[in-house]
Amino acid sequence: MKFDLFVLPFTVGLVVMVALLVFKYLKWLKALSREEKEKIKQNVFSFCSLKALKEIFLECLLHRRIFKVNLFLGFMHTSLAFGWFLLIVMGNVESKFFSDVPLNPPYYPIFFRFFEPAPSAFTFSAGFTFFMDFFLLVVLSGVVLAFTKRFYSKMFGMKKTTVMKPGDKFALISLWFIFPLRLLAESFTSGVYGHGGFLTGTVGRFFASFLPVGSLIYPSWWAYSVSLGVFFVALPFSRYMHIPTEALLIFLRQYGLKNGKENGVFSDIEINSCPRCGICIDKCQLASAAHNYSVQSVYFLRSVREKSVEEKVTFDCLLCGRCKEYCPVKIDTISIRQNQRSGYLPDHAEAYNYLKPARAQKADMIYFAGCMTHLTPAIQHSMLKIFRAARENFWFMDEDGSVCCGRPLMMAGKAESAKRLMEHNIAAIKASGAKLLVTSCPICYRVFREEYHLDIKVMHHTQYLLKLINENRVQLSHQDLTVVYHDPCELGRGCGVYEEPRAVLQNIAALLKVKNERDHSLCCGGSLGNLQISTAQRTAVQKDVVARLSVDHPDIIVTACPSCKKTLNIASPVPVKDIAEIFVQSLEQPAVLKHHVFEKEPLQKVKKEEIVVSYSNK
Amino acid sequence: MKNFGFYIQPDSQIDFDNNNRNLAALVSQREPSFDWCIGCGTCTATCTAGNFTGFNFRKVALLVHRGENEQALQEVEKCMLCGKCNLACPRGVNTRNVVASIQKIFSRYQNLVY
């Protein structure tokens with residue numbers, strides 16, 4: 001077995017890193033709940049594992065999602081990750097070809113050129129030399145790009161990069177040193193022995209022409225080994241922990257694990273998978289529009305990992321989900337932040353004991369306008385007209401004001417209080433015997449869908465309007481209008497409702513495309529998720545969104561959320577309307593007035609059969 | 001006793017010597033827009049919880065400024081944080097954060113009540 005003292009820094013670093021990682025991962029896996037462990041057991045020998053491997057290849061090595069953000073940025077990450085991976089694999093294969101010993105120490109392939117400076121005697125040696133040089137060149141190109149990015153981040157599509165702490169800077173610099181030092185070590189060796197590929201051979205000959213390369217060989221291999229050792233020891237304590245942890249996260253995610261109502265082991269794994277790439281910074285509107293560069297997910301996750309979370313950072317977030325959408329690791333930043341909020345505010349569900357037993361009314365369908373819709377009466381008036389036009393037997397559940405759906409309390413971290421309000425609403429919904437619940441507010445829609453566990457269908461009014469069109473229950477006239485559609489966060493990214501509102505609008509007006517739509521849509525700024533944002537910041541976000549939506553001079557900005565409508569209207573010179581209002585306009589065109597929906601006979605009235613229900617008073 | 005058509009209101013004088021007005025200062029510190037409230041009542045007209053109780057943001061603001069903290073705490077607990085008042089406020093007061101701040105401050109400094 002070949003050995004030299006300079007391999008020690010590398011070997012010690014590797015052993016320390018592996019020991020720390022194994023200890024940490026075993027601790028996490030042990031702390032998983034019984035259900036989570038069961039899920040892993042069920043799926044470990046299934047296609048889920050293959051899917052995970054595929055995702056690891058695409059995301060951890062090729063960085064497909066980063067390529068979507070910016071080509072340079074994608075190439076930089078790919079060349080570093082995939083290039084290094086290929087160097088390791090090819091180096092191992094090369095050393096196996098050369099050596100007949102079945103098991104070599106881990107340092108042998110890493111320092112192969114030192115131990116075997118002229119390996120021309122074995123099969124494919126020229127090919128190995130070429131590929132090893134080529135992969136080294138690829139990695140070095142990544143290092144050059146990474147270095148450039150620190151000074152010209154705009155070239156990589158990033159206005160701001162992460163402000164790093166000393167620990168991360170230390171690890172970063174040690175990483176930058178590894179590959180240039182490898183190039184020097186291999187080149188000096190080639191310069192002496194007259195071998196080497198197109199890169200190391202050429203560079204070696206160049207240095208040999210004016211340097212005493214023979215005496216530089218040993219120090220350069222030492223330096224290479226030290227830089228590797230330092231990086232390995234720094235890895236578990238720095239942002240580079242994401243390299244191994246992201247792979248673990250992908251496996252667990254494929255096995256069906258996700259972040260729950262409380263931050264636990266899974267969220268710890270997610271937090272440790274954050275590469276602190278900073279892609280989320282520019283995408284956050286608090287940064288891009290309101291110039292607040294300290295609350296973004298990258299900083300929040302870091303502070304959670306370091307157990308130094310600030311209250312302001314926890315609450316100063318629109319919970320719009322744009323960071324999650326752009327995150328190359330797809331970390332569930334929203335639920336981690338929301339869970340982190342619990343405990344700051346007292347959660348006294350009994351404070352709502354003032355609520356009287358819920359009142360319900362028998363009907364086929366319930367309309368729940370939501371608190372925000374009561375502030376934008378045009379939406380609820382439009383919906384009522386539409387229901388009557390469609391001859392629905394409906395109960396307007398919150399006609400005289402009602403109990404909040406509970407989601408704003410959940411967003412503030414008051415889960416128990418939210419549950420109390422939900423119990424009140426569930427009792428009324430169940431007692432009405434309705435088979436369908438339609439709401440005009442995406443905030444309510446999301447909580448009804450995800451948390452209420454109702455055994456009836458829940459629809460947002462955009463979905464309901466499309467249903468009416470598809471069932472030919474209304475006839476619309478196409479209007480001479482150009483509109484842009486603003487995807488509300490809770491409806492779009494929150495519930496995945498993108499197509500229905502667009503399908504409805506295409507029946508009514510000319511729908512223009514905008515740059516930031518669907519998954520990448522902008523938050524209006526009026527989000528109930530943010531308890532800290534100042535009025536000036538909110539206004540900055542509103543103006544920015546309006547400017548971006550009205551680039552193509554639409555006649556109307558259409559949205560499907562009362563809160564977005566109210567918020568955008570404040571800053572918009574272009575009229576902002578809800579989809580229901582446009583829908584009603586289209587119904588009321590003269591050509592359609594003959595249609596049965598506008599017959600003047602009295603509108604069908606719901607038979608008022610009021611029921612009072614009690615609910616569990618926990 | 002005959003009241004001759006007159007009656008005497010209970011004493012509504014505020015005891016500034018005993019009332020602890022630190023809460024108002026702490027709330028303003030956490031949410032500076034609290035000082036912008038002019039008590040116009042727009043919030044009160046929209047309040048979801050106000051539909052069921054006597055709660056409204058204007059009352060809370062008044063109680064906090066007077067240093068009647070115990071009552072203020074009892075009031076803010078009724079809030080559903082729905083955000084209607086926030087959206088309606090013509091002065092741009094971050095009402096939700098005021099309510100949340102009062103709750104947070106009380107959970108940290110319970111002596112403010114007394």
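Data for the structure
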| read-out | value |
| --- | --- |
| Contour excess over end-to-end distance, with Cα ends at A:Phe3 and A:Phe151 and 0.36 nm allotted per residue | 49.2 nm |
| Angle between chain A longest axis and helix A:34-43 axis [Cα atoms, degrees, rounded to 10] | 70 |
| Förster-model FRET efficiency, 25 Å R0, A:Asn70 and A:Lys165, C-beta, rounded to 0.05 | 0.55 |
| Inter-chain shielding of A:340-353 (mean C-beta neighbours from other protein chains, 10 Å cut-off) | 3 |
| Region A:1-138: relative contact order as a whole-number percent, Cα under 8 Å and 6+ apart | 24 |
| Protection proxy ranking of A:181-191, A:159-169, A:531-541 - average other beta-carbon atoms within 10 Å, highest first | A:181-191, A:531-541, A:159-169 |
| A:Leu26/A:Leu454 FRET efficiency (R0 30 Å; Cβ-Cβ; nearest 0.05) | 0.10 |
| Sites matching GluC sites (Glu not before Pro) across region A:204-277 that sit in DSSP coil, with at most 13 neighbouring C-beta atoms within 10 Å | A:Glu262 |
| Paired Rg and Dmax values of region B:28-114, which use every Cα atom, in angstrom | 11.8, 34 |
| Two-decimal Rg/Rh across the protein assembly as shown, once Rg and the Kirkwood Rh are taken from alpha-carbon atoms | 1.08 |
| Within chain A, helix-based [θ] at 222 nm, where runs of 4 or more DSSP H residues each add -39,500 (n - 2.57), nearest 500 | -16500 deg cm²/dmol |
| DSSP-loop GluC sites (Glu not before Pro) across region A:306-392, with at most 14 other Cβ within 10 angstrom | A:Glu306, A:Glu310 |
| Carbon/sulfur fraction of accessible area - chain A, other protein chains in place, 1.4 Å, % | 61 |
| Residue pairs, from the table A:Lys149/A:Lys515; A:Lys68/A:Lys513; A:Lys30/A:Lys457, whose Cα atoms sit over 29 Å apart | A:Lys30/A:Lys457 |
| Difference of contour (0.36 nm per residue) and Cα-Cα distance, A:Leu62 to A:Lys513 | 159.3 nm |
| Highest-first arrangement of A:548-555, A:287-294, where packing means the average Cβ count within 10 Å | A:287-294, A:548-555 |
| Accessible area buried, both sides summed, chains A and B with 1.4 Å probe, Å² | 2500 |
| Shielding score for B:47-53, defined as the mean number of other chain Cβ atoms within 10 Å | 5 |
| With Cα atoms, 0 to 90° folded angle of helix B:57-66 axis to chain B main axis | 70 |
| Degrees between helix A:166-193 axis and first principal axis of chain A (Cα, 0 to 90, nearest 10) | 40 |
| Positive dipole terminus of chain B, leading residue within B:Ala49, B:Gln74, B:Phe6 (C-beta point charges) | B:Ala49 |
| With DNA, RNA and ligands ignored, accessible area of A:Val265 (1.4 Å probe; Å², nearest 10) | 20 |
| Cα-based shape type of region A:379-464, given that a ≥ b ≥ c are square roots of the gyration tensor eigenvalues and the cut on a/c is 1.5 | prolate |
| Formal net charge of residues neighbouring A:Asn292 (Cβ-Cβ distance under 12 Å; K, R +1; D, E -1) | +2 |
| Chain A - Cys residues lacking any other Cys C-beta under 4.7 Å | A:Cys48, A:Cys60, A:Cys274, A:Cys277, A:Cys284, A:Cys317, A:Cys327, A:Cys495 |
| Shielding by partners, peptide A:365-374 (average Cβ within 10 angstrom, other chains) | 2 |
| Relative contact order (%) - chain A, alpha-carbon pairs under 8 angstrom, separation at least six | 13 |
| Residue-level accessible surface for A:His478, protein heavy atoms, 1.4 Å, Å² | 110 |
| Dipole magnitude of region A:172-283 about its Cα centre (Cβ charges: Lys, Arg +1; Asp, Glu -1), debye to nearest 20 | 120 |
| Total charge dipole magnitude, the protein assembly as shown, about the Cα centre, Cβ charges on Lys, Arg, Asp, Glu only, Debye to nearest 20 | 100 |
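The values are calculated or read from the model by the stated rules, or taken from the named source; none is laboratory data. Bear in mind the structure is a predicted one, so any value in this text is a computation, not a measurement. Neighbour counts are summed over all protein chains in view; Cβ atoms, including those assigned to glycine, are modelled from backbone coordinates with ideal geometry. These area figures cover heavy atoms from the full protein model, side chains too; ligands, DNA and RNA do not enter into them. Shrake-Rupley method; radii C 1.70, N 1.55, O 1.52, S 1.80 Å.
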